[in-house]
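For reference, the structure is listed below as structure tokens.
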Amino acid sequence: MTPLVDVVLVLLIIFMVVTPLIASGVAVDLPRTEHHAKKADDGKDIIISVTADERLYMGLRRLANIEELVAAVRAEKRTSPEKTVFLKGDQQISYGPIRRIMEALHDVSIDDIILGTEDLTEKR
């Protein structure tokens, strides 16, 4: 019985470490805001990340440009229309690239976009 408990605990630790990496996409330094609404990660979001050097990612997959991003999001929405877009932009970039992504998604009738931020009161 004891070896089985050891195996289960090791598996639990592995899943606890790996799951946030799978669900969150590429890590970016999010801007800090007050009074933002936290949404639990239910695994149903299409996560788009824009890094400080303006590279685009959908999940962990790097995309060449906004057109490729829009095509990938449309394909994902076709298979799972209930998914929302969670857009994470690094705080080091200007708002321009984020706005262009939002406009491109809006132009193809994708209106359910959530902007990712961190709470101003959270400590790093």
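For (1) touching a Leu at 6+ places or on another chain (Cβ under 7 Å); (2) among the aliphatic types (A, V, I, L, M); (3) not in a loop (DSSP other than H, G, I, E, B), each residue gets a yes or a no:
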| residue | (1), (2), (3) |
| --- | --- |
| R74 | no, no, yes |
| K77 | no, no, yes |
| P81 | no, no, no |
| K88 | yes, no, yes |
| G96 | no, no, yes |
| A104 | no, yes, yes |
| S109 | no, no, no |
| T121 | no, no, no |
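Restricting segment 87-113 to residues that are touching a residue at least 60 places away in the same chain (Cβ under 8 Å) and surrounded by 14 or more Cβ atoms within 10 Å (Cβ to Cβ), which is nearest to I46 (Cα to Cα)?
By that ranking, first place goes to K88.
Which ones in segment 77-124 are farther than 18 Å from N65 by Cβ and among the polar types (S, T, N, Q)?
Those that are farther than 18 Å from N65 by Cβ and among the polar types (S, T, N, Q): T79, S80, T84, Q91, Q92, S109, T117, T121.
Could you say whether any residue in segment 59-80 is β-branched (V, I, T) and closer than 27 Å to E34 by Cα?
Scanning segment 59-80, I find no residue that is β-branched (V, I, T) and closer than 27 Å to E34 by Cα, so the answer is no.
Quick check on segment 72-86: of everything there that is out of contact with any strand residue (DSSP E or B) (no Cβ under 6 Å at 6 or more places or on another chain) and of a type in the set (S, T, N, Q), which residue is surrounded by the most Cβ atoms within 10 Å (Cβ to Cβ)?
S80
Look through V73, V108, V50, V85 and report the one residue that is over 30 Å from M16 (Cβ atoms), of a type in the set (A, V, I, L, M) and modelled with pLDDT of 85 or more.
V108
Identify all residues within segment 1-36 that are at pLDDT 70 or above, loosely packed, with under 10 Cβ neighbours inside 10 Å and assigned to a loop (DSSP other than H, G, I, E, B); write none if there are none.
Correct list: E34, H35.
Look at E54 and say whether it is part of a loop (DSSP other than H, G, I, E, B) and out of contact with any strand residue (DSSP E or B) (no Cβ under 9 Å at 6 or more places or on another chain).
Judged against the criteria, E54 is a match.
If only one of E82, E103, E118 is among the charged types (D, E, K, R) and closer than 14 Å to P31 by Cβ, which one is it?
Answer to the selection: E118.
The values are calculated or read from the model by the stated rules, or taken from the named source; none is laboratory data. On a predicted model such as this, the values are computed, not experimentally measured, just so you know. Glycine gets a Cβ as well: all are built from the backbone with ideal geometry, and neighbour counts include every protein chain shown.
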